[in-house]
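**Q** Quick one: the structure is below, questions incoming.
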């Protein structure tokens, strides 16, 4: 019998379970071809008898071999040595050669290049409201309401690529009311991942090498998304009236997309003037380009001039409007929205259905009620007055603590653009930021071209007054030491 | 109520008049809706930095125009009907405002056209039918109560600490640890938390993998039949899908070897082939791994249906056997919490961990915080496995009663039953029965079944149906199948007469 030929001596002192020892010995025999592939192994009962062990131990040994792929057990016909053994393939390269270098796609390579160049990272710091300043008890109530009703809602819910209809209706009416956006729920798209908005647009509308006009300085995340999808960027300057539209006319070929932040230019804070808005809309209509209006923080204006959106002024249906709840509601909800022109509704429905067909129903339903019951506007009003005070405080603290060359005058947003005077050293500032944990970041990443020295964004919103004052004090002390 | 108001500058027009014009415009455009309250005077005076008296005057002006009405004690409202000609004007304005005239639309890009085409097909072809609840666990077994408790527990200020962590695109560290331990326990995968990446959308998993590894026209080997949704996600990137036949041991590696050149990616669902339900045999798993290692291809192991099995031994996942660092493993919690829990995950091979994190932060940077925190407890405190165990028991019972009914009434109409998947059986009707007759009979009798046609990319197969049993009612199923059998006999008799 096979078992006798194998000379299986169990070593009870080794501490290795008997089943493992048997499995190992059999495995070796199979690899060494002492037992040929396809041969039927002795039954569990025979093995147990021959080795004087319990049947369950023998069975465990066979199970282990089976799990590792050396034997196959078939009902009624016993256990056979596998005809194809693991690791025995002749075409197999040496193990250390396998997947040493991964062949990435063009897209993957572009990401890797930008990462190696230090332009993009996989992680960033959290910038958003303080959890304790959010209406958590309201949100909890809404969760209870919808977690409870969920089984019923769920069983009838058919995921829609554009999102849960009651949420779309609620947000559309909010946008109409607050931002004068021309929107109906069938043109409003809900995104769980905000990043997908520009990615989908870039893929739907841009071929490799197509031109996208962007503000310089402008949002680096947007720029990187266009670049990763193979687009070229045309940098268009900004002044205190926003994007300098005349520079668009100087381009040799017209861009397919124009990405702007007219409500509050990132990072300079400029509000695009009426005149410029008209020029830009005219340009886009004449040159068959789409405008992407990123209305990322328009909720936060402190001097009482809530300007209507650019999209609302556009009579040619050329503007794609982006909005999101991050600044008001992160980390409780981070849903993003996009309002698309009619011709894009169908392609976008198809495209969205492929990458993000459904968003958590509980979150969507809770958010719809949050908006409909007026909590959102109440929250924003509260935040606005709170942040206005913080901004004012920061301004007076700054005047005392630092020697600034320029502070952006626009009374809006969640951060303050500050230029320090030349006599400060960049390296020393970096150190002082690190040691004081002041929420101050260089605007370097906003520039595709040469950055401005000693220009920073100081975030004032998500930090209590005393905390900010303390950090600023520490910062100034570190800087002047 | 926040409202965007732009006070147009007109010299020699009084301020209150400019305000009432702006408000009038807002009413006309439907931004202030009929019958709804007007913004409060306090609010307008705060946001616009105008005096109360100016605002009062503007409201008075609107009142004389019949656009607003004041209800004593409850404030000012937009009129519920607008005065005569103004009403028509408003509706004309409204339709024009909401539907701007389109110029010639921008043509889509080349890849945009592919995406559009594939996405449109998916929308028409793979219809989601809630009544079928195919694949999900039955609603009445859903652990919604536990989930609610956990969600509420974490909706709390004391979670402030964790907020900074939520911006990790890979997901919360603690959740990745919980998942790493879970897949080690249940699927023998020993990769560790650093290889785990959490996703908010199931579809983004394959989107990310495809985008990072595939160029247009690259070849992907895909099970035939296979899950259409994932095939579509890949196809929308312009890659070439090569259907590879499936036999009772799973994907045919012999067919892979016959390809003129090896594929870049191989998509398989080895735990329960979707939809046929075959479990990939152990030798086949090794053979596939070695083929992939030898050709430099990556394997995507979609382990979406591993939770429930009936009388068959559990095989370790391909990822657990992978010594060549070439298996990308994906799974989700979709079966457990049908619609509420959207989180799913990928376990990357070591060689893809870094680029995977980079790609993830590009496609989906932020994940929902509360859901992640709740899921950590759901896994670590044993809710998940307790739920799976309970559900498995109920499902086994329902499956059995369905099998009984089928053997009793449909024996002569279908091929012998195979194992099927974790929540469905596959019925192969005999060739003389037409799909139209089968579907009509199903509709008449309330028997839930779904054709496998969308699962086939190149071949067509008729008479093959998925029968989900997760929501089968064991009291009535016998009767339903009996009615179905009778209806089908009648239908096909009619068809044969017609022929």
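**Q** Give me a count of the residues in region A:163-187 that are within 22 Å of the chain's Cα centre (by Cα), buried (at least 24 other Cβ atoms within 10 Å of the Cβ) and on the phi < 0 side of the Ramachandran plot.
**A** Residues meeting the conditions: 2.
**Q** Here is a further query. Sort out which residues of region A:38-52 are surrounded by fewer than 16 Cβ atoms within 10 Å (Cβ to Cβ) and without any contact (Cβ under 8 Å) to a residue 40 or more places away in the chain, and write them in order of number.
**A** Listed by number, the residues that qualify are A:43, A:45, A:49, A:52.
**Q** Among the candidates B:171, B:200, B:192, B:210, which residue alone is free of Cβ contacts under 8 Å to residues at least 60 places away in the same chain and crowded, with 19+ Cβ neighbours inside 10 Å?
**A** The conditions single out B:210.
**Q** Would you check if residue A:192 is surrounded by 23 or more Cβ atoms within 10 Å (Cβ to Cβ), within 7 Å of chain B (Cβ to nearest Cβ) and either on the phi < 0 side of the Ramachandran plot or modelled with pLDDT of 95 or more (or both)?
**A** yes
**Q** A further question follows. Please list, ordered by first then second residue, the pairs with beta carbon atoms under 6 Å, 6 or more apart or interchain, first in region B:1-14 and more than 7 Å from chain A (Cβ to nearest Cβ) and assigned to a loop (DSSP other than H, G, I, E, B), second surrounded by fewer than 11 Cβ atoms within 10 Å (Cβ to Cβ) and modelled with pLDDT under 75.
**A** none
**Q** If you go through region B:137-163, how many residues are at the interface with another protein chain (Cβ under 10 Å from one of its Cβ atoms), at pLDDT below 80 and part of a loop (DSSP other than H, G, I, E, B)?
**A** Count: 2.
**Q** Then there is this: Among the residues in region A:224-240, are any surrounded by 22 or more Cβ atoms within 10 Å (Cβ to Cβ), more than 10 Å from chain B (Cβ to nearest Cβ) and either out of contact with any strand residue (DSSP E or B) (no Cβ under 6 Å at 6 or more places or on another chain) or over 17 Å from residue A:448 (Cβ atoms) (or both)?
**A** no
**Q** Quick one: in region B:164-182, of everything that is at pLDDT below 90 and touching a helix residue (DSSP H, G or I) at 6+ places or on another chain (Cβ under 8 Å), which residue is farthest from the other protein chains (Cβ to nearest Cβ)?
**A** B:165
**Q** Look through region B:43-76, keep the residues that are farther than 18 Å from residue B:7 by Cβ and assigned to a helix (DSSP H, G or I), and return whichever of them is nearest to the other protein chains (Cβ to nearest Cβ).
**A** B:63
**Q** Then there's this: Among the numbered criteria (1) modelled with pLDDT of 90 or more; (2) in contact with a strand residue (DSSP E or B) (Cβ under 8 Å, 6 or more places away or on another chain), which single criterion is violated by residue A:134?
**A** For residue A:134, the failing item is (2).
**Q** Report the residue count in region B:342-360 for those that are within 21 Å of the chain's Cα centre (by Cα) and buried (at least 21 other Cβ atoms within 10 Å of the Cβ).
**A** So the count comes out to 7.
**Q** Might you let me know whether region A:348-371 holds any residue that is more than 30 Å from residue B:149 (Cα to Cα) and touching a strand residue (DSSP E or B) at 6+ places or on another chain (Cβ under 8 Å)?
**A** yes
**Q** What number of residues within region A:62-93 satisfy the criterion of being closer than 21 Å to residue B:285 by Cβ, more than 7 Å from chain B (Cβ to nearest Cβ) and modelled with pLDDT under 75?
**A** 8
**Q** Does residue B:480 fit the bill of being outside the structural domain of residue B:274 (by TED's automatic domain parsing), within 15 Å of residue B:429 (Cα to Cα) and outside any loop (DSSP other than H, G, I, E, B)? Don't jump to the end; show me each part of the working.
**A** Details: outside the structural domain of residue B:274 (by TED's automatic domain parsing): yes; within 15 Å of residue B:429 (Cα to Cα): no; outside any loop (DSSP other than H, G, I, E, B): yes.
No.
**Q** Another question about this same structure. Residue B:215 versus (1) buried (at least 22 other Cβ atoms within 10 Å of the Cβ); (2) modelled with pLDDT of 95 or more: which is the lone unmet condition?
**A** Of everything listed in (1) buried (at least 22 other Cβ atoms within 10 Å of the Cβ); (2) modelled with pLDDT of 95 or more, residue B:215 misses just condition (1).
**Q** Kindly list the number of the only condition in (1) assigned to a helix (DSSP H, G or I); (2) touching a strand residue (DSSP E or B) at 6+ places or on another chain (Cβ under 6 Å) that fails for residue B:442.
**A** Unmet condition: (2).
**Q** Only one residue in B:420, B:446 is buried (at least 16 other Cβ atoms within 10 Å of the Cβ) and either at positive phi or touching a helix residue (DSSP H, G or I) at 6+ places or on another chain (Cβ under 6 Å) (or both). Which one?
**A** Working: B:446 fails: buried (at least 16 other Cβ atoms within 10 Å of the Cβ).
Residue meeting the stated conditions: B:420.
The values are calculated or read from the model by the stated rules, or taken from the named source; none is laboratory data. Because the structure is a prediction, the values reported are computed rather than measured. With ideal geometry, Cβ positions are generated from the backbone for all residues, glycine too; neighbour counts draw on all protein chains shown.
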